[in-house]
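Here's the structure we're looking at; comments come further down.
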Amino acid sequence: MQMRRAGTSGLTLSRLGLGTMTWGRDTDEHEAADQCRAYIEAGGNFLDTADTYGDGDSERVISGLIGTLFNRDDVVIATKAGLTFNDGVRSIDTSRKSLIAQLDKSLNRLTTDYVDIWQVHAWDPFTPLDETLAALDYAYTTGRARYVGVSNYSGWQLARAATMQQGNSMKAPLTTTQNEYSLLNRDCEVEILESAEECGVGFLAWAPLARGVLTGKYRKGVPSDSRGAAPHFAKHIEPYLDGRCARIVEAVSVAGQGLGYSPLEVALAWVRDAPGVTSAIVGARTGAQLRGLLKSEEVTLPQIVRNALDDVSL
């Protein structure tokens, strides 16, 4: 698998990252191990998780794979902090106290002394940015995090945070930013990608298949075994089931038929090779699904097809 440098840092990531949001909840330990084995055999080196995924179970599952499926130093493990879901209610707290406490819990669940990338999960309008960044500095200088980053920041929020860190050699430079990006959601093209490039920050794309909608599985309704039928995922799928999205999915399917590729391969290759993208993070429920995703490594879209998909998805 092709490796790419994250921004101007020395960190290299495979251009497909393995997302683990379902691990420990919808994906059990055996399926997770099967996925991880297939991913590493394909040359991947980047596991993405968060302290909220499965209430921490995702990190625990990863812990069980360290030393059995891979050596710790060979894989980049990224996790996040700053979000909580108390009784199903989403809240953000990126205070120094909260972030550091969450990081220590993540390290305990992962049974490792450090994470390779530690990311602030979301912008907190009620905590001073200086305080949030101070927590990143602490993790970086104490070796708990080799690199630090942010997630779901807007363009101006990313630019402000990155430049504040660049202005002082004693502070931890932002290495990555993580945002949603797909043919159905191109919001990050407005300022975020440009901000990342200008600030020397690597861009990590999550939901490159628009939560599975771009695979074409929802063209005739919601399959009973899909994420769209799961109570905790349905609300995230519904926004991508309107007429506009249906037209884009149809265009992706037509492009795939013409090229001899699946809609999944076309949609994923489009994000993976979009300007400014360091790595596209993919997730699957089973090892078989992941192997299908990994086939996109063999796909390169002709420029004329990219241009057509650009136009139809505006």
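The values are calculated or read from the model by the stated rules, or taken from the named source; none is laboratory data. Just so it is clear, the structure is predicted and the values come from calculations on it, not from any experiment. A quick note on method: Cβ atoms are made from the backbone with ideal geometry, for glycine too, and the neighbour counts reach across all protein chains shown.
Here are some notes:
- Residues of region 163-193 satisfying the condition of being without any contact (Cβ under 8 Å) to a residue 40 or more places away in the chain, closer than 28 Å to Asp311 by Cα and in a helix (DSSP H, G or I): Asp187, Cys188, Glu189, Ile192
- Ile62 being under 26 Å from Leu158 (Cβ atoms), surrounded by 19 or more Cβ atoms within 10 Å (Cβ to Cβ) and in contact (Cβ under 8 Å) with a residue 40 or more places away in the chain: no
- Matching residues in region 138-162 - criterion: being over 26 Å from Thr112 (Cα atoms) and part of a helix (DSSP H, G or I): Gly155, Trp156, Gln157, Leu158, Ala159, Arg160, Ala161, Ala162
- The residues on offer are Arg285, Arg306, Arg291, and the sole one that is in a loop (DSSP other than H, G, I, E, B) and surrounded by 14 or more Cβ atoms within 10 Å (Cβ to Cβ) is Arg285.
- Residues in region 222-236 include none that are modelled with pLDDT of 95 or more, surrounded by 14 or more Cβ atoms within 10 Å (Cβ to Cβ) and not in a helix (DSSP H, G or I).
- Residues of region 255-282 that turn out to be among the charged types (D, E, K, R) and either more than 20 Å from the chain's Cα centre (by Cα) or buried (at least 19 other Cβ atoms within 10 Å of the Cβ) (or both), as a count: 2
- Just one of the numbered conditions (1) of a type outside the set (Gly, Ala, Ser); (2) in contact (Cβ under 8 Å) with a residue 24 or more places away in the chain; (3) more than 20 Å from Ala145 (Cα to Cα) is not true of Phe70: (3).
- Residue in region 156-196 that is nearest to Thr141 (Cα to Cα), counting only those that are small (Gly, Ala, Ser) and buried (at least 19 other Cβ atoms within 10 Å of the Cβ): Ala172
- Matching entry among Ser279, Ser296 (being assigned to a helix (DSSP H, G or I) and in contact with a Leu (Cβ under 6 Å, 6 or more places away or on another chain)): Ser296
- Of residues in region 108-134 being in contact (Cβ under 8 Å) with a residue 60 or more places away in the chain and closer than 17 Å to Asp73 by Cα, the one farthest from the chain's Cα centre (by Cα): Asp116
- You will find that of Ile100, Ile62, the residue that is on the phi < 0 side of the Ramachandran plot and under 19 Å from the mean Cα position of the chain (by Cα) is Ile62 and no other.
- Across region 194-221, the number of residues qualifying as part of a loop (DSSP other than H, G, I, E, B), over 16 Å from Lys80 (Cβ atoms) and at pLDDT 95 or above comes to 5.
- Ser98 vs. criteria in contact with a strand residue (DSSP E or B) (Cβ under 8 Å, 6 or more places away or on another chain) and either surrounded by fewer than 20 Cβ atoms within 10 Å (Cβ to Cβ) or aromatic (Phe, Trp, Tyr) (or both): yes
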